[in-house]
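Structure, as structure tokens:
The values are calculated or read from the model by the stated rules, or taken from the named source; none is laboratory data. These numbers were taken from a predicted model, which means no experiment stands behind them. Please note: Cβ atoms are built from the backbone with ideal geometry, for glycine as well, and neighbour counts cover all protein chains shown.
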Amino acid sequence: MTGKARVLVVDDEINLLKTLSDILNRNGYEVAVAKDGPSALGLIEKDGFDIALLDIRMPHMDGVELLGRIKARHPDVEVIIMTAYGTIETAIKSIKLGAYAYILKPLDIDDVLVNLKKITQMKTLAGEARFLQDQLLQEHSYEHIIGRSKQIRGVVETIKKVAPSDSTVLITGPSGAGKEMVADAVHYSSKRCSRPYLKINCAAFPETLLESELFGYEKGAFTGADKQKKGKFEVADGGTLFLDEIGDMPFPMQAKLLRVLEKGEFERLGGNDVIKVDVRFVAATNQNLTRMLQERRFRSDLFYRLNTVIINLPPLVERSEDIPLLVDHFLAKFSREMSRKQPDVSPEAVKLILSYPWPGNVRELANAIERAVIFCEKGVIKPHDLPPAIHHGPSSASGEPHEFLPEDLRLDAVESRHISEVLKLTGGNKNEAARRLGIHRETLYKKIKKFNLPDAGD
């Protein structure tokens, strides 16, 4: 709520109308008065109000009937009932019809002002929440997924179709391709958009910690469990839970997750009570789950339960026509965040950007543009403003092939070489390497093991 709260006082006592009007005006409220119900309804229809104070006994229409009519047509108007003839039955009926408070006459002005203050604070917070929700919807809906390639158009069409349902969605694609962005779009384009939206990276926790994060625990369930804790399943009730890096979920945990997916129920660690939840699940992975099935590292029953709808995000190198749009988007975004005029990009820098294979996908492109906006001078991004891996790329003046582009162009090979380069750049500091790669430290360790890379110390 912005500006002064608008209050309508309805009573057939002229002196009370004048007294209340004067007091409320002095306390910063914008006040109008009416002597009966029909007049009050006319004013509300014409001018709109935030709060209405209604007397019970009035000619033509009593306060309870007026309350019902106001709430039927203007549910956002908060109503305080005032009466010198209070009964329990009238109070109960008023509250059931939606009255905020029921105050007896003679009025305690301090009580009236306290209730008005509570209502205005509540409306202000509700307005801020609606604004933030609208911002989230604007920023994360499928309409803001950037790209004109056939692949991205297909992704957007799938999101539009699946979002209104409660179907489970599995998002696949390489690291940095934008899987979390797609998950966000699914939630914020769904009927659950105003409900809880929680995210958990399954690779970020050891098995025991992941279990307690998802299921919660009872007091005394294990050493250190000094109070009850709700897990992500429970907190997300009514909303959406995004399970990132689902391929890294430990095998024993997969069976427990399957039960929640199929039956919508679980127990907290150390507890016996069955908890029912209504949660929409969205999962993502950069791993080949089909191959993991064959290697018995991923449960087939969980896989077939997850793959109701699969959305695949291709690597950026396979949708190069989207790169110019993404560059423009990131230029505007980072320039705005840094309060700078948006720079131009020199033809030489454009050539490098378009020829680089982007093994880190959209995340790497975003990081490169952010760096370029920071380092560019005179409003123009030049090759040396881009990260070294890019401005020493295949379009360099020397014409030498880029070290990221040997004959082996398999995605695993490109990813392995990219991780090796980042580890070299950070002197083996895995925390910094994981930050630059945009992945969790535990995920980096798994990739080091997967690609058998030298395990340089921190």
Original post:
Pairs under 9 Å by beta carbon, first residue more than 21 Å from A177 (Cα to Cα) and assigned by TED's automatic domain parsing to the domain that holds A389 in the range 416-441, partner in a helix (DSSP H, G or I) and small (G, A, S), six or more apart or different chains?
Top reply: L425/A389; L425/A433; T426/A433
Original post:
Of the numbered conditions (1) more than 18 Å from the chain's Cα centre (by Cα); (2) closer than 16 Å to L241 by Cβ, E207 satisfies every one except a single condition; which is it?
Top reply: (2)
Original post:
Quick check: anything in the range 342-360 in contact with a strand residue (DSSP E or B) (Cβ under 8 Å, 6 or more places away or on another chain) and either assigned by TED's automatic domain parsing to the domain that holds R148 or within 27 Å of K446 (Cβ to Cβ) (or both)?
Top reply: no
Subject >> Filter pass, V7 being within 28 Å of I88 (Cβ to Cβ), assigned to a strand (DSSP E or B) and either free of Cβ contacts under 8 Å to residues at least 12 places away in the same chain or β-branched (V, I, T) (or both) >> reply: yes
Original post:
What single numbered condition from (1) in contact (Cβ under 8 Å) with a residue 24 or more places away in the chain; (2) closer than 22 Å to R299 by Cα; (3) buried (at least 16 other Cβ atoms within 10 Å of the Cβ); (4) among the acidic types (D, E) fails to hold for E207?
Top reply: (3)
Subject >> strands (runs of 3 or more DSSP E) fully within the range 15-104 counting 1 or more residues that are touching a strand residue (DSSP E or B) at 6+ places or on another chain (Cβ under 8 Å) and of a type in the set (F, W, Y) >> reply: 101-104
Original post:
Which members of the range 105-127 meet the condition of being out of contact with any strand residue (DSSP E or B) (no Cβ under 6 Å at 6 or more places or on another chain) and β-branched (V, I, T)?
Top reply: I109, V112, V114, T120, T124
Subject >> The listed residue being closer than 17 Å to S94 by Cα and crowded, with 16+ Cβ neighbours inside 10 Å, out of L54, L41, L20, L24 >> reply: L54
**OP:** Considering only residues that are surrounded by fewer than 17 Cβ atoms within 10 Å (Cβ to Cβ) and farther than 16 Å from S149 by Cβ, look in the range 316-334 and name the one that is farthest from the chain's Cα centre (by Cα).
**Re:** A332
Original post:
Across the range 125-153, which residue is nearest to the chain's Cα centre (by Cα) among those that are assigned to a helix (DSSP H, G or I) and at pLDDT 80 or above?
Top reply: L125
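Just to be sure before I move on: is F233 aromatic (F, W, Y), under 21 Å from the mean Cα position of the chain (by Cα) and in the same structural domain as D278 (by TED's automatic domain parsing) in the structure I sent?
Working: aromatic (F, W, Y): yes; under 21 Å from the mean Cα position of the chain (by Cα): yes; in the same structural domain as D278 (by TED's automatic domain parsing): yes.
In short, yes.
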Original post:
Of the residues D226, D278, D237, which single one is of a type in the set (D, E), surrounded by 16 or more Cβ atoms within 10 Å (Cβ to Cβ) and either touching a residue at least 12 places away in the same chain (Cβ under 8 Å) or not in a helix (DSSP H, G or I) (or both)?
Top reply: D237
